[in-house]
Amino acid sequence: PVSPVPSCHPRAGATPTGATLAGATPTGATPCAAGIPVANVFLKRPLEFGRPNTLVCMVGNIFPPAVTIGWQRDGVPVTDGVTDTTYTPIEDLGFVRFSYLEVTPRAGDVYACTVTRERDNTSVLAYWGEWGVAFWGWGPRFWGHL
C-alpha cells in the first residue's frame, strides 16, 4: 500500500517517504510554499555604457504563483520599457517568472528589481549597477547580487 501523502511536506518537490508517485500527483497532495522568492538581475548583452541593453530579473522559488515585479532606477520607480512574462512551472512544484527592463546603462546607475509576494506583502530586492565602492550585477567590473 502507498503511504498517505501529507498535504504539505518540508521541501517543495520532495517525495514523502513511502509515497509512490508513478508519474502522477497523489490525490490531495498540495505543494508547500517554496519559501522566499529568489531574484537575480543581469544584462541580456555584455555591458557597454551608453548603449541600449536589457536588464533581466529572473525570479524563482515562487509558490503560489502570485508575485508582483517592479523596477527602480536610482531609487525612482520605472514603468516604461518593462515587460513581464507569465509564470512558468518548474520541476520542484514552483514557478519562475521573468521581467525585462529596457535600459541605457550609465556609470553610477543602480537598478533594483523588487519582487513582492501578494499573499503577505513582503518584498525581495535584487540590485544591478554601481553602489558605493562595490559593484553589483554582471559584466566587466560588475559581480554578484544582494
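So which pairs qualify, if the first residue must be in the range 61-84 and closer than 10 Å to Ala112 by Cβ, the second must be assigned to a loop (DSSP other than H, G, I, E, B), the Cβ gap must be under 8 Å, and the two must be at least 6 apart or on different chains?
As it stands, the answer is Trp71/Thr79; Arg73/Asp109; Asp74/Asp109, since those pairs meet every condition given.
Restricting to the range 93-113, count the residues that are charged (D, E, K, R) and surrounded by fewer than 16 Cβ atoms within 10 Å (Cβ to Cβ).
Of the residues in the range 93-113, 2 are charged (D, E, K, R) and surrounded by fewer than 16 Cβ atoms within 10 Å (Cβ to Cβ).
Pick out the one residue from Val76, Val103, Val133 that is at pLDDT below 95, over 18 Å from the mean Cα position of the chain (by Cα) and β-branched (Val, Ile, Thr).
Criteria check complete, one pass: Val133.
Can you list residue pairs whose Cβ atoms sit under 8 Å apart, with the first residue in the range 40-52 being touching a residue at least 12 places away in the same chain (Cβ under 8 Å) and exposed (fewer than 12 other Cβ atoms within 10 Å of the Cβ) and the second being assigned to a loop (DSSP other than H, G, I, E, B) and hydroxyl-bearing (Ser, Thr, Tyr)? Count only pairs 6 or more apart in sequence or on different chains.
Once the first residue is touching a residue at least 12 places away in the same chain (Cβ under 8 Å) and exposed (fewer than 12 other Cβ atoms within 10 Å of the Cβ) and sits in the range 40-52, its partners that are assigned to a loop (DSSP other than H, G, I, E, B) and hydroxyl-bearing (Ser, Thr, Tyr) give Gly50/Thr104; Arg51/Thr104; Pro52/Thr104.
For the range 33-98, list the strands (runs of 3 or more DSSP E) that sit wholly inside it and hold at least 2 residues that are touching a Cys at 6+ places or on another chain (Cβ under 9 Å) and farther than 17 Å from Asn121 by Cα; which are they?
The strands (runs of 3 or more DSSP E) meeting that bar are 38-43, 53-62.
The values are calculated or read from the model by the stated rules, or taken from the named source; none is laboratory data. Everything quoted here is computed from the prediction, not taken from an experiment. Quick reminder, even Gly has a Cβ in these numbers, built from the backbone with ideal geometry, and neighbours come from all protein chains shown.
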